[in-house]
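Engineer: So that we are looking at the same thing, I have put the structure below in structure tokens.
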Amino acid sequence: MQTSTIQWIPQGETRVPLAVYRDEQVYANEQRNIYRGHTWNYLCLENEIPDAGDYRTTFVGETPVVVARDEDNEIYAFENRCTHRGALICLEKSGKGAKDFQCVYHAWTYGLNGDLKGVAFESGVNGGGGMPKTFCKDHHHPPKLRVATFCGLVFGSFSDEVDSIEDYLGEEICERIERVLGRPVEVIGSFTQALPNNWKLYYENVKDTYHASLLHMFFTTFRLNRLSQQGGVIVSESGAHHVSYSKVNEDDFEGYRDQGLRSDQTGYQLKDPTLLEGFKEFNDGITLQILSVFPGFVLQQIQNCLAIRQVLPRGIDKTDLNWTYLGYKSDTPEQRQVRLKQANLIGVAGFVSMEDGAVGGFVQRGIAGTDSEQAVLEMGGDSTASNSSRATEAAVRGFWKQYRVLMGV
Amino acid sequence: MEKLSLRDRLMDFNASYARCIDTGNLESWPELFASECHYRVTSAENDRAGQPAGLMYATSRAMLEDRISALRHANVYERQSYRHMVGLPHIARGDAKEVECETPFLVVRIVQDDETFLFATGVYKDVFDLSGESLQLKRRVVVCDSSRFDTLLAVPL
């Protein structure tokens, strides 16, 4: 039941109460209604746990989760919490060759599928102690998640009712994921960025096509005129997911292939333009695609720079952004080098993304002391529809559309 | 002037390196590197796994100059400074032309004259060019102990 007194406008997404970014009750409700609700949460890549006995630990919202591949080659996910006293079952970030997991506290043992297999001294010692005869291990496994994979991505859900992953994503989002992840990838690096703000402020930023050329001045300052003239934003019907993209005309593609970006002869220039030298690897001319899957997954292609971002709440004003940098297994050494250089654009120190690490904190600090004040989301009108202009907040409004449904507000 | 030992030269170099960044004289930072060089900021976790990506990744001094130019003229971040504490160099291998060494560091960050915040610790994994009058870095891999980075990394480590 909602105990919060936060006032929303009766309908629509053009106003958002600022209190939703700093209210403990809202935060607690989000854990239940969003992360443990009817959503699919990104867990890891399939190829991060390629063999039976491989596992990783991650989170769904704040809930710690184990993802493991069992002997039947299926992937299982379950809460990383011993059903005895609540301790973590698995302490490591990842591992290989596990046969089972054993809680260190009292040595209760769980299978790779999360089943409780053993209780230490279950029958007692020398005829004394032990668990009651009525205790049934089958009834004491940690909650298991539904697991689904799509294009090598592993998602988990606490909901039995949520649609299949394909229906959840919808056709357009599926196509755009396949476009990038339709061939085998490998991880070339990973980092965590600790953001000083509520998770929603970062997730909105991802969907905010309005801010890109205003906050991020790298391309403008260095007079790097993106050939990309066309573009747009796709918002899924529920509003939950989005894709923003920009593309070059096929006519211009020779120029793009030669240089990737053009620099004119005035103002600041890169002394080493190899930073941005790229190669053509997609046939649709799209040089930038940012895709989000509600509530915490981002897939990014900026030229040849590919990455996954996992957005995890760590408190009302703390968010972990887990970056996984990707290359294709088929990369030549030269192509791999291009990706490593272009990775300067993204991440914690990214020429075009470092600001995103800080701007959410500016909002978080700015809203301290507010009462009933609201954010204004009217750029591009009040719709959440797909749009050929990126001077719109349609995808941000889409986020709030889905948010209000799930939160019942 | 007495001839400095290699160890003293390395310590002198690191003192200059730290002072260059901590005093905000970032324009002089690239000069500490050879024109063809490798500079990368990564984590111990990536280093152990042999994963090559970095938060900053440069293959030339010109790229380092571009990094500083971007910080000065393009990127948006709050006014901030570092204080480097650089430990003693451990010389792993060396000959007349180059030396490989590892040196631990600790960096605190001060944003807008506010709290002194422990920002990063780790080790510099270096290759120095000894052939010139002054030492130059052919390679500096900044291996941070933690995989977690607060807010953003603007000023180089």
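Engineer: All but one of (1) over 30 Å from A:F150 (Cβ atoms); (2) part of a loop (DSSP other than H, G, I, E, B) hold for A:D138; state the number of the condition that does not hold.
Structural biologist: Among (1) over 30 Å from A:F150 (Cβ atoms); (2) part of a loop (DSSP other than H, G, I, E, B), A:D138 violates only (2).
Engineer: Among A:G127, A:G118, which is more than 30 Å from A:T39 (Cβ to Cβ) and in contact with a Ser or Thr (Cβ under 6 Å, 6 or more places away or on another chain)?
Structural biologist: On inspection, the qualifying residue turns out to be A:G118.
Engineer: Taking segment B:72-89 on its own, how many of its residues are facing chain A (nearest Cβ under 9 Å) and either over 22 Å from B:F33 (Cβ atoms) or without any contact (Cβ under 8 Å) to a residue 24 or more places away in the chain (or both)?
Structural biologist: Qualifying residue count for the region: 5.
Engineer: Hey, A:C151 hits all of (1) more than 30 Å from A:G327 (Cα to Cα); (2) out of contact with any Lys or Arg (no Cβ under 9 Å at 6 or more places or on another chain) but one; which does it fall short on?
Structural biologist: (1)
Engineer: Suppose we filter B:D126, B:D145 for residues that are more than 22 Å from B:R9 (Cβ to Cβ) and either of a type in the set (D, E, K, R) or in contact with a Gly (Cβ under 6 Å, 6 or more places away or on another chain) (or both); which single one remains?
Structural biologist: Result of the check over B:D126, B:D145: B:D145.
Engineer: Let me ask you something else. Based on what the data block shows, is A:Q301 under 30 Å from B:S60 (Cβ atoms) and not in a helix (DSSP H, G or I)?
Structural biologist: Spelling it out, A:Q301 is indeed under 30 Å from B:S60 (Cβ atoms) and not in a helix (DSSP H, G or I).
Engineer: Next up: For B:E98, state whether it is touching a residue at least 40 places away in the same chain (Cβ under 8 Å) and of a type in the set (D, E).
Structural biologist: The answer is yes for B:E98.
Engineer: Let me ask you something else. Identify, from the list A:R146, A:R183, the residue that is surrounded by fewer than 17 Cβ atoms within 10 Å (Cβ to Cβ), touching a residue at least 12 places away in the same chain (Cβ under 8 Å), away from every other protein chain (no Cβ under 14 Å) and in a strand (DSSP E or B).
Structural biologist: A:R146
Engineer: Take the residues in segment A:269-303 that are of a type outside the set (A, V, I, L, M, F, W, C) and within 13 Å of chain B (Cβ to nearest Cβ), then tell me which one is nearest to the chain's Cα centre (by Cα).
Structural biologist: This residue is A:E277.
Residues checked against (1) more than 20 Å from B:M56 (Cβ to Cβ); (2) at pLDDT 95 or above; (3) β-branched (V, I, T); (4) not in a helix (DSSP H, G or I):
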site: A:F279; (1), (2), (3), (4): yes, no, no, yes
site: A:I290; (1), (2), (3), (4): yes, yes, yes, yes
site: A:P295; (1), (2), (3), (4): yes, yes, no, yes
site: A:G315; (1), (2), (3), (4): yes, yes, no, yes
site: A:W323; (1), (2), (3), (4): no, yes, no, yes
site: A:D331; (1), (2), (3), (4): yes, yes, no, yes
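Residue-wise test of (1) more than 10 Å from chain B (Cβ to nearest Cβ); (2) under 21 Å from the mean Cα position of the chain (by Cα); (3) of a type outside the set (F, W, Y); (4) under 20 Å from B:R148 (Cβ atoms).
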{"site": "A:R336", "(1), (2), (3), (4)": "no, no, yes, no"}
{"site": "A:A349", "(1), (2), (3), (4)": "no, yes, yes, yes"}
{"site": "A:D371", "(1), (2), (3), (4)": "yes, no, yes, no"}
{"site": "A:A375", "(1), (2), (3), (4)": "yes, no, yes, no"}
{"site": "A:G381", "(1), (2), (3), (4)": "yes, no, yes, no"}
{"site": "A:A395", "(1), (2), (3), (4)": "yes, yes, yes, no"}
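Engineer: State the number of residues belonging to segment A:204-221 that are within 11 Å of another protein chain (Cβ to nearest Cβ) and in a helix (DSSP H, G or I).
Structural biologist: The number of residues fulfilling the criteria is 6.
Engineer: A:K318 versus (1) surrounded by fewer than 17 Cβ atoms within 10 Å (Cβ to Cβ); (2) under 21 Å from A:F294 (Cα atoms); (3) away from chain B (no Cβ under 11 Å): which is the lone unmet condition?
Structural biologist: For A:K318, the exception is condition (3).
Engineer: May I pose another question? Of everything in segment B:32-57 that's over 18 Å from A:W323 (Cβ atoms) and within 12 Å of the chain's Cα centre (by Cα), which residue is surrounded by the most Cβ atoms within 10 Å (Cβ to Cβ)?
Structural biologist: Step by step, filter segment B:32-57, then rank; the result is B:Y39.
Engineer: Which of the residues spanning segment B:35-71 are more than 8 Å from chain A (Cβ to nearest Cβ), farther than 20 Å from B:V123 by Cα and not basic (K, R)?
Structural biologist: Residues satisfying the conditions are B:S35, B:E36, B:I68, B:L71.
Engineer: Suppose we keep only residues that are polar (S, T, N, Q) and touching a residue at least 24 places away in the same chain (Cβ under 8 Å) within segment A:69-101. Which one would you say is nearest to B:A49 (Cα to Cα)?
Structural biologist: A:S94
Engineer: Still on this structure, I have one more. Take the residues in segment B:119-157 that are in a loop (DSSP other than H, G, I, E, B) and surrounded by fewer than 19 Cβ atoms within 10 Å (Cβ to Cβ); name whichever of them is nearest to the other protein chains (Cβ to nearest Cβ).
Structural biologist: Residue satisfying both the conditions and the ranking: B:S147.
Engineer: Something else: For segment A:348-364, which positions are closer than 13 Å to B:N75 by Cβ and not hydroxyl-bearing (S, T, Y)?
Structural biologist: Across segment A:348-364, the qualifying residues are A:V348, A:A349, A:G350, A:F351, A:V352, A:M354, A:E355, A:D356, A:G357, A:A358, A:V359.
The values are calculated or read from the model by the stated rules, or taken from the named source; none is laboratory data. This is a predicted model, so every value here is computed, not measured. Cβ atoms come from the backbone with ideal geometry, glycine included; neighbour counts cover every protein chain shown.
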